[in-house]
Amino acid sequence: MSSAVAAEPLPALWLVDKPAGPTSHDVVAGVRRRLGRRTKVGHAGTLDPFATGLLVVLSGRATRLATYLSGLDKRYLATIRTGSTSATGDPEGPISAAGAPATAGAIAAVLEFFRGEQEQRVPAFAAVKVGGERLYAKARRGESVEAPVRRITIHSLELVTDLGDGRAVLDVHCSKGTYIRQLVMDIGERLGCGAYCEELRRTHVGTLSVADAVAPDEVTAGGGREAAEALVHLPRVSVDAREALDLTHGRAVAGPGSGLTALCLDGRLVAVGEADGSGTIRPRVVVRTPEDLA
């Protein structure tokens, strides 16, 4: 009897346009079913169930690259509804009236207070663990918990569309770890009339854009983007076939620079290496096997 083992799936990057409703985990589970249950699948940054937009999905050995994507800046289109508050900061609620809705001019005028580096308190209904338990679990039990504070940066924050009746669309470019729901709630507090995030769409993760994304049901086995596209923010060094094989065995290669480097053979990512500044690059994460290079 044959004892042949199925070939390991090639590392791939998927830019998925997540719809509102499912969790990020639900989307990943659906992708896994489409690619084959034995295929390892992960994502590089959660979106709340009500949110839509870019979910960066990695498959095969490319799942090892998630750590190099989690620190990238993000960009969102957030619909703010003023005049009401939400316990969760989003449409899940419960929602309560809090005052007369603000004009677009009033919203635009307070945005300057939220640009730049600042501290942001994690919202009560967040997945962050405090005392070994998710914050949202404590909040749903009605417990009062001191939420942690994070240092974030809002690189840009602009009102791009006035929807009327106290609603507007904000374009937010921010650092990792920023909670857009909390940002919108803080804007509402500054306005004095309350606000919550009615809709949220992630448009960019680093330079990766939702304009290039596909719907979850368009993911197909054998497809996906070259894993190297996930690391366009890193310096790239081309290696030859012998060096690529050395990398798959964990051996260092010669190369310039210092710090993290994407090591590619004919445009295909072989490994993420650490250049020591003296002409040597040691592999830190290898995403190809010798069989991939044959």
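The values are calculated or read from the model by the stated rules, or taken from the named source; none is laboratory data. Note that the structure is a prediction, hence the values are computed from the model and not measured. Reconstructed Cβ throughout: ideal geometry from the backbone, glycine too, with neighbour counts over all protein chains shown. These area figures cover heavy atoms from the full protein model, side chains too; ligands, DNA and RNA do not enter into them. Shrake-Rupley method; radii C 1.70, N 1.55, O 1.52, S 1.80 Å.
Estimated from the Cβ-Cβ distance and a Förster radius of 45 angstrom, the FRET efficiency linking ASP162 and ASP73 is about 0.95.
Pull out a ≥ b ≥ c, the square roots of the eigenvalues of the alpha-carbon gyration tensor of segment 203-280, then state rounded if a/c is under 1.5, prolate if not and a/b is larger than b/c, and oblate in the remaining case. The shape class here is oblate. Annotation for segment 1-104: trypsin sites (Lys or Arg not before Pro) lying in DSSP loop with at most 14 further Cβ atoms inside 10 Å of their Cβ are ARG37, ARG38.
Entry note, the chain: the mean residue ellipticity at 222 nm calculated from DSSP H runs of n ≥ 4, each adding -39500 (n - 2.57), is -4500 deg cm²/dmol after division by the residues and rounding to the nearest 500.
Inverting the pair-averaged 1/r between distinct Cα atoms of the chain gives 21.1 Å as its Kirkwood hydrodynamic radius.
In the context of the full set of protein chains, residues of the chain present 48 Å² of accessible surface per residue (probe radius 1.4 Å, heavy atoms only).
Distance from the Cα centroid of segment 179-215 to that of segment 27-83 is 16 Å (rounded to whole angstrom). HIS173 contributes about 50 Å² of solvent-accessible surface, heavy atoms of the protein only, 1.4 Å probe. Residues of segment 250-270 falling in the label zone of GLU291, defined by backbone nitrogen less than 19 Å from a point 7 Å along Cα to beta-carbon, are 250, 269-270. Using a cutoff of 8 angstrom between alpha carbon atoms and counting only pairs six or more residues apart, the relative contact order for segment 1-124 works out to 21 percent. Charge tally around ARG202: other residues with Cβ under 15 Å, Lys/Arg +1 each, Asp/Glu -1 each, net -1. Stretching ARG115 away from ARG268 to a fully extended chain increases their span by 51.2 nm, per 0.36 nm per residue minus the current alpha-carbon distance. Multiplying the residue separation of ARG33 and ARG282 by 0.36 nm and subtracting their alpha-carbon distance yields 86.1 nm.
Annotation: GLU117 carries an accessible surface of approximately 120 Å², with a 1.4 Å probe and no ligand, DNA or RNA atoms counted. Modelled label positions at ALA241 and THR46, each set 7 Å beyond Cα in the direction of Cβ, lie 4.6 nm from each other.
Restricting segment 185-294 to trypsin sites (Lys or Arg not before Pro) that sit in a DSSP loop and have at most 15 other Cβ atoms within 10 Å of their own Cβ leaves ARG251. Percent of accessible area on the chain owned by carbon and sulfur, 1.4 Å probe? Roughly 49 percent of what the probe reaches on the chain is carbon or sulfur.
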